[in-house]
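The values are calculated or read from the model by the stated rules, or taken from the named source; none is laboratory data. All values reported here derive from a predicted model rather than from experimental measurement. Cβ sites come from the backbone with ideal geometry, for glycine too, and all protein chains shown count toward neighbours.
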Amino acid sequence: MMKAARINQCGGLDVLEYGDFPFPEVGPFDVLVKVMATSVSGWDIKYRNGDLFAKFENKGLPGRAAFPLPQQLGREATGEVVEVGEHVRAFSAGDRVLGLVHPENPSDLNAVRGLGNLSVGIDYPGHAMKGGNAQYVSRPEHYWMKLPDNVSYEAAAAGSWSYPTSHRIVVDRCNVRPGDVVFVTGASGGMGYATLEWARLSGASVITTSRSEKKRQALYELGADLVVDPANITSALEQILQFTRGQGVEHSIEFTGNPDLLDLSFSALRLGGTICPVGGDVQRGPLPWSIMDLVSKEMNVVGIRGSRLNDQRVFLEALSRGLIKPQIACELPLREIREAHRLVENHEVLGKVILKPWL
Ligand SMILES: NC(=O)c1ccc[n+]([C@@H]2O[C@H](COP(=O)([O-])OP(=O)(O)OC[C@H]3O[C@@H](n4cnc5c(N)ncnc54)[C@H](OP(=O)(O)O)[C@@H]3O)[C@@H](O)[C@H]2O)c1
């Protein structure tokens with residue numbers, strides 16, 4: 001048996017159960033990992049409270065399996081290999097590894113075309129297969145990547161979901177260039193902060209939002225060029241236009257799903273700009289722009305669905321070279337899973353809540 005945290009049904013914090021569960025099986029192509037760090041993400045919250053089941057009518061993402069219950073949550077996991085199946089070639093006991101948040105199916109046509117994030121026939125950890133909230137996890141060989149020696153388990157787990165995905169947004173989908181101005185909503189969250197870091201590394205200036213005065217101050221200290229309060233949209237737009245000398249921003253990347261912020265992301269966009277609505281509160285309603293809006297600004301709208309293998313490699317390399325620094329709000333023992341969900345769900349922290357299964 002091993003310690004793990006699981007849910008049997010969707011609901012409030014009390015559906016999270018920490019206890020003893022069967023040790024995972026290790027098949028001939030599997031790598032068994034002793035988990036040293038895992039975390040709570042926005043996805044975990046939506047899974048737990050049932051938003052995802054409503055959003056996807058429990059059909060899973062297109063081309064993927066439905067979301068199962070019971071589930072062991074935790075998109076991110078890092079740890080040490082303790083056993084490998086007889087056909088595993090790339091790993092051996094003692095290797096330090098990162099669990100890929102977006103593993104690819106190497107034989108799917110989308111992966112061959114360089115769009116492995118869209119490959120089908122693969123289950124993501126914490127989506128349709130068990131996530132990292134456990135002392136041990138067993139997954140196929142192509143679900144893991146070796147950790148550079150100088151990268152800590154905690155830093156890699158903290159950034160492994162948000163940094164690769166936001167790397168794809170900034171570098172690939174938006175093609176941010178030096179001198180651009182990027183408007184990122186909600187940079188106190190994992191995704192928004194990672195976007196801020198990649199945008200700055202690309203040579204851009206970054207404007208962001210926060211509803212909290214304390215977090216606005218912290219975001220300035222973490223490198224934001226301008227932080228606006230979304231409680232006053234008129235003033236926020238004025239500040240953005242003043243910052244960009246009336247031109248507007250080249251890119252708006254929207255993480256909250258708040259209709260006012262979607263509107264602001266559009267109003268703040270310069271002619272020919274690009275807007276990327278990423279996620280936020282689950283809303284199936286229409287986006288607040290008309291065809292005439294698209295025409296008059298000649299704006300580009302881009303979608304995003306996860307990251308490719310290469311984004312995940314770039315994340316580890318940038319981490320190893322000290323170019324990025326995922327924010328860690330606190331580290332808690334896995335048995336405090338309910339408190340960890342509470343902190344993330346209430347947006348009480350800036351940075352990731354890391355869970356340690358062996359504390
Ligand atoms: N499409 C994809 O491939 C993909 C991949 C990963 C994540 N996502 C999505 O990206 C989103 C961001 O992820 P995250 O983990 O960084 O989210 P998060 O921590 O839940 O939210 C980010 C920040 O946005 C602000 N915020 C949240 N709701 C708001 C609202 N209604 N109005 C104004 N501000 C609000 C909060 O900042 P303040 O409290 O400071 O205002 C919060 O800290 C999530 O919805 C996630 O599901 C999508």
Failed condition for D180, given (1) of a type in the set (D, E, K, R); (2) buried (at least 17 other Cβ atoms within 10 Å of the Cβ); (3) out of contact with any Asp or Glu (no Cβ under 8 Å at 6 or more places or on another chain), with all others met? (3)
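Counting only residues that are out of contact with any helix residue (DSSP H, G or I) (no Cβ under 6 Å at 6 or more places or on another chain) and not in a loop (DSSP other than H, G, I, E, B), how many does segment 252-261 have?
First, pick out the residues of segment 252-261 that are out of contact with any helix residue (DSSP H, G or I) (no Cβ under 6 Å at 6 or more places or on another chain): 256-259, 261.
Among the residues that remain, those that are also not in a loop (DSSP other than H, G, I, E, B) are: 259, 261.
Number satisfying all stated conditions: 2.
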Out of F56, F29, report the one residue that is under 20 Å from the mean Cα position of the chain (by Cα) and more than 16 Å from G131 (Cβ to Cβ). F56
Candidates V40, V33, filtered to the one that is at pLDDT 95 or above, within 14 Å of the ligand (Cβ to nearest atom) and among the aliphatic types (A, V, I, L, M): V40
Kindly list, by first and then second residue, each pair from a residue in segment 217-234 that is of a type in the set (G, A, S) to a residue that is outside any strand (DSSP E or B) and surrounded by 13 or more Cβ atoms within 10 Å (Cβ to Cβ), limited to pairs with Cβ atoms under 8 Å and residues at least 6 apart or on different chains. A218/S188; A218/L350; G223/L196; G223/E197; G223/R200; A224/A187; A224/L196; A231/R211
Just for strands (runs of 3 or more DSSP E) wholly inside segment 262-359: which have at least 2 residues that are more than 22 Å from S39 (Cα to Cα), among the aromatic types (F, W, Y) and within 16 Å of the ligand (Cβ to nearest atom)? none
Pull up segment 148-165, narrow it to residues that are in a loop (DSSP other than H, G, I, E, B) and surrounded by fewer than 24 Cβ atoms within 10 Å (Cβ to Cβ), then point me to the one that is farthest from the ligand (Cβ to nearest atom). D149
Kindly state which helices (runs of 4 or more DSSP H) lie completely within segment 166-251 and contain at least 2 residues that are under 22 Å from the mean Cα position of the chain (by Cα) and within 27 Å of H347 (Cα to Cα). 190-201, 213-221
Some residue of segment 295-313 being surrounded by 15 or more Cβ atoms within 10 Å (Cβ to Cβ) and over 25 Å from N117 (Cβ atoms): yes
